[in-house]
Amino acid sequence: MKRAVVPGTFDPITNGHVDVIARAAQVFDEVVVAVAASQKKGPIFEQETRVALATEALKDYPNVRVEGFNCLLVDFVRQQEAHIVVKGLRAITDFEYEFQLTALNYELSKDLETFFIMSPPKYMYLSSSIVREMASMGGDVKRFVPECVEAALKEYFSHMY
């Protein structure tokens, strides 16, 4: 069985993330969406909430499961008995950053392979930080995130607008 891990902070999960995960689910037997604790990034949602939102957003994909993690990615991948990491790429800046991480992960675990999935044009501009910014100003994020995320963002930012 080919199991792949799709890591990220997912603060929050967007339709761009869902697209990458859905496409990975077509290629691999099982996809583990790995929600990083990422405390240094200062996420607005707790890890448990991000896991729950991703689980809800991905419920229609039977070969996808969501797990939180708070360790080195290579260690989490080993724990999952996987050897493949899948990352989405939107632009050249993504590639440069992911290229560095891929090289480091390879040094830490020679049997780890990274697959990149290019975002389609309609998601190339989309990021969690843009969605958070829009939502914080009362913007309509409906077309950028799953319904459960839209509701969570409205609740989170309800005191602001």
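Observations on the model:
- Matching helices (runs of 4 or more DSSP H) fully within the stretch 1-115 where at least 2 residues are in contact with a helix residue (DSSP H, G or I) (Cβ under 7 Å, 6 or more places away or on another chain) and more than 22 Å from residue 153 (Cβ to Cβ): 73-79, 92-108
- Enumeration of residues in the stretch 26-50 that are buried (at least 20 other Cβ atoms within 10 Å of the Cβ) and under 13 Å from residue 6 (Cα atoms): 28, 31, 32, 33, 34, 35, 36
- Complete set of residues in the stretch 119-147 that are polar (S, T, N, Q) and either assigned to a loop (DSSP other than H, G, I, E, B) or surrounded by 16 or more Cβ atoms within 10 Å (Cβ to Cβ) (or both): 119, 127, 128
- Selection status of residue 77, over 19 Å from residue 16 (Cα atoms), modelled with pLDDT of 95 or more and in contact with a Leu (Cβ under 7 Å, 6 or more places away or on another chain): yes
- Qualifying position, being more than 16 Å from the chain's Cα centre (by Cα) and under 21 Å from residue 54 (Cβ atoms), among 141, 131: 141
- Filtered by the rule that a residue be out of contact with any Phe, Trp or Tyr (no Cβ under 6 Å at 6 or more places or on another chain), under 15 Å from residue 60 (Cβ atoms) and among the small types (Gly, Ala, Ser), the stretch 1-28 gives 22, 24.
- Tallying residues that are of a type in the set (Gly, Ala, Ser) and in contact with a Ser or Thr (Cβ under 8 Å, 6 or more places away or on another chain) within the stretch 49-84 yields 0.
- Only one of the numbered conditions (1) buried (at least 20 other Cβ atoms within 10 Å of the Cβ); (2) closer than 26 Å to residue 143 by Cβ is violated by residue 60, and that is (1).
- Cβ-Cβ under 9 Å pairs, at least 6 apart or on other chains, the stretch 134-161 side under 14 Å from residue 18 (Cβ atoms) and touching a residue at least 60 places away in the same chain (Cβ under 8 Å), far side hydroxyl-bearing (Ser, Thr, Tyr) and in a loop (DSSP other than H, G, I, E, B): 144/14; 145/14; 146/14; 149/14
- Matching residues in the stretch 95-133 - criterion: being without any contact (Cβ under 8 Å) to a residue 12 or more places away in the chain and among the charged types (D, E, K, R): 96, 107, 110, 122, 133
The values are calculated or read from the model by the stated rules, or taken from the named source; none is laboratory data. Bear in mind the structure is a predicted one, so any value in this text is a computation, not a measurement. Positions of Cβ are generated from backbone atoms using ideal geometry, with glycine treated the same way; all protein chains shown enter the neighbour counts.
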